[in-house]
Structure formats: structure tokens, C-alpha cells
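Read the structure below first, then the notes.
The values are calculated or read from the model by the stated rules, or taken from the named source; none is laboratory data. Just so you know, these numbers come straight off a predicted model, no measurement behind them. We place every Cβ from the backbone using ideal geometry, glycine too, and count neighbours over all the protein chains shown. Side chains included, ligands, DNA and RNA excluded: accessible areas come from the protein's heavy atoms. Shrake-Rupley method; radii C 1.70, N 1.55, O 1.52, S 1.80 Å.
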Amino acid sequence: MLEVTNLKVHFTTRQGTGRAVDGVSFHLDRGETLGLVGESGCGKSITALSIIGLHPRPASRIVSGEIELDGESILTLSKREMRKVRGERISMILQDPLTSLNPVLTIGKQVGEPLRLHRNMDKAASRNRVIELLRQLHIPEPETKLDDHPHQFSGGMRQRVVGAISLAADPDLLIADEPTTALDVTIQAAFLAHLKAVQRARGLAILFITHDFSIIAKMCDRVAVMYAGKIVETGPTAELLSSPQHPYTKALLESVPSVDRGTERLNSIGGSPPSIYDLPKGCTFEPRCSYAMDRCRESYPLQFDIGDDHSASCWLLE
Ligand code: SF4
């Protein structure tokens, strides 16, 4: 349903040209969830924003690659056509619910907007549907709460409102960028269960961006691990979590707390990701990799197939 091929997104600033997304390719089928993981600044959110046409402009631009939705390129659509795709076919839960809601509009108006714009619902039908959506996302007393403004809601409630807006017009593809960070564990579980239920009922495809491997394990069919603007490993969730092949994936998983570890110290990955304005010539993980060889400094590794739909870019796999 979604096919992203060799996508490159560059930032042009006073620092020069930054390669934020540097040749990313992946696919997502109807009814499937793909998890996108990696440290902050590795290009996950910019990849997602580019798909929905909301990458920051004019600072960034898509310099090459293709994004296809059901076989049709969305990069060639006019602004008007893209507005129709956004909300109706693709929607997104943005990372920060505090800034993605309009402070001067009521919750009801904001959740109802996609219904009026994309589903031509009248006021009464839209109000009923908004109440239903808020109830499904565990907002208490939705009949009265829909007349409140965002500042009257807690952070967790605002995040659920953003979720309700994204699901309102029954999109085919949902991009969820850290959608559960402001939720406590019980509400998080209910929210994820609701997403799964919507997915089962309508064949919704979900691109799920998170740092949390427990959510990946629960929600995702496949995972793509991003580092310095590239996907370094991708594969079916169970296989990738039990048998990671790229040193970066292994290091990420070793830094996850586990009850089995007892009092053992958690591993951390030394250093930080490279600047997008000054990427190393060879493997971008080389400065932090304990397996690095001379070859890793000279050229970026090829992508090696490891198993069914499982591949990684590391010279150790040659
Ligand atoms: Fe480490 Fe070399 Fe593999 Fe890069 S290619 S992850 S530096 S071993």
C-alpha cells in the first residue's frame, strides 16, 4: 500500500547541506504495522513528515526518491490534491500534543474538522461521531468535554484527542509518532488496544515511530532500525528482537531494562549519532562501533539479506 523508495531529504541551512534522510526504502501493506526505531535525530520523524508532506519548508526538501500510495506517486500531487490525501487517506499523530492542538478552538471543533472536510458530515452527525471517538479513547464525559478547550485537558487527554483527530476520517494509513509518551501505562494499553481494534476492523496500515521496544514487540509486524538517516536493519519483529544482526540494533536492545538482568548494569551506547552536516565517509556507526574494521571507515556497507524479509547493512555480514 505504501512504498518508499530511496527517499532523500536534505536540510539547507547556514551549516551547509544536512542529509537528514539518506536513501530510505521500505514498504507497508494494508493491515500491517511497521515500527521505526532509533535514537533521536536519526531521521525517523522527518521520514514520516515527508510522507505526509509536512517536512519543514523551505529548510528541508525531498531531493530524490519516490513515495507511492497504492501505486500512485504522491510527490507529484498539487498542494490541493495533497490536502485531500492528508486526513482522508493518510493521517498522523504528531509527537507533541501540546503544540499540535489549536488553543482557541474547542476539542469538539478540532476532532470534528476532518469529518466535515473529508466526510461531508453535518453538524449534528459530526457531533455524535466526535462523542463516539472521544469515548473510544477513554475521555470521560465526552458529551460535555467536547466543548472544552485544550488547556482544560491534561497532557494525556490531549494526546488521546490528537489520536481521535487522526482516526476521525477513517484513514488508510496512520503515522503514529511517539503517540503514547504522555500516557500512563493503563491508558497506554487501552490506546494501543484501540488502535489494534481499528486496524483489524478496517485494515488500517500503521507506521509506528517509538523508542520503546516493548511497544514494538506488542504492536509491530516488522521493524526498521534507523541510524543517521538510513535504515540499517529491517526484519520481522520476533526475528529481529531475538536475533539482531547489526551492531547498532544489538546495542539498542542491550540498553533496554529487563527484569531478568537483576542488578546488572545497563549497557549504553557511547558517543552520539553523527551530525547530518558531517556524516562519516564509510559506515556512519563506525565511531561508536566496537566491531569496526579499516574497511568500515572506507565505504558504507552493502545491504545483506539474512533471512526472509530480514536484512542489515554491516560489513560483518558479508
Ligand atoms: Fe560496525 Fe563496521 Fe558493521 Fe559499521 S560496518 S556496524 S562499523 S562492523
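Among the protein heavy atoms, those of T144 account for about 80 Å² of accessible surface (1.4 Å probe, every chain in place).
Between P150, T210, S311, the Cα set farthest toward the positive side of the dipole of the chain (charges on each charged residue's Cβ, about the Cα centre) is that of P150.
Ordered from highest to lowest accessible area with the whole protein assembly present and a 1.4 Å probe, T99, T12 read as T99, T12.
Projecting the Cα atoms of T76, L174, T186 onto the charge dipole of the chain (Cβ charges, centred on the Cα centre) puts T76 farthest toward the positive pole.
Compared with the dominant Cα axis of the chain, that is its longest principal axis, helix 185-202 is turned about 80°.
With the contact rule set at Cα under 8 Å and sequence spacing of 6 or more, what percent relative contact order holds for the stretch 31-97?
Working: 21 pairs, mean separation 14.7, N = 67.
Reported as a whole number, the value is 22 percent.
Charging the Cβ of each Asp and Glu at -1 and of each Lys and Arg at +1, and nothing else, the dipole of the stretch 44-91 about its Cα centre rounds to 360 debye. Compute the FRET efficiency between N6 and E132 as 1/(1 + (r/R0)^6), taking r as their Cβ-Cβ distance and R0 = 41 Å, and round to the nearest 0.05. Computed FRET efficiency for N6 and E132: 0.50.
Placing +1 on the Cβ of each Lys and Arg and -1 on the Cβ of each Asp and Glu in the stretch 35-137, which of I90, Q136, V104 has its Cα farthest towards the positive end of the resulting dipole? So the residue furthest toward the plus end is V104.
Averaging sequence separations of C-alpha pairs under 8 Å and six or more residues apart, then dividing by the length of the chain, give the relative contact order as a whole percent.
Working: 572 pairs, mean separation 67.1, N = 318.
Taking the mean separation of contacting Cα pairs over the length of the chain, I get 21 percent.
Counting only alpha carbon atoms, the long axis of helix 107-119 and the longest principal axis of the chain meet at about 80°. Look at the alpha carbon pairs under 8 Å that are at least 6 residues apart: their mean separation over the length of the stretch 90-183 gives a relative contact order of 49 percent. Pop out the carbon and sulfur fraction of the accessible area of the chain as a percent, whole number, probe 1.4 Å. The nonpolar share, carbon plus sulfur, comes to 50 percent.
3J(HN,Hα) couplings calculated from phi for the stretch 225-230 with the Karplus curve 6.51 cos²θ - 1.76 cosθ + 1.60 (θ = phi - 60°) are, in sequence order, 9, 9, 8, 6, x, 10 Hz; Gly and Pro show x.
Basic side chains Lys and Arg get +1 at the Cβ, acidic Asp and Glu get -1 at the Cβ, and with that the dipole of the chain about its Cα centre reaches some 1080 debye.
Computed on protein heavy atoms with a 1.4 Å probe, the accessible areas place D148, D221 in the order D221, D148, largest first.
Between D305 and D122, how high is the FRET efficiency from 1/(1 + (r/R0)^6) when r is the Cβ-Cβ distance and R₀ = 45 Å? Nearest 0.05.
On the way: r = 53 Å, r/R0 = 1.18.
With a Förster radius of 45 Å, E is 0.25.
For the residues R116, R89, R61, a 1.4 Å probe over the protein chains yields an accessible-area ranking, largest first, of R61, R116, R89. For the peptides 179-189, 34-44, the ranking by packing is 34-44, 179-189, with the highest mean count of neighbouring Cβ atoms within 10 Å listed first. Once the Cα atoms are used to define both axes, helix 79-88 deviates from the longest principal axis of the chain by about 80 degrees.
Taking Cα centre as origin and charging only the Cβ of basic (Lys, Arg, +1) and acidic (Asp, Glu, -1) residues, the dipole magnitude of the stretch 1-151 rounds to 580 debye.
Taking 4.7 Å between C-beta atoms as the pairing limit, the chain has these partnerless cysteines: C42, C220, C289, C314.
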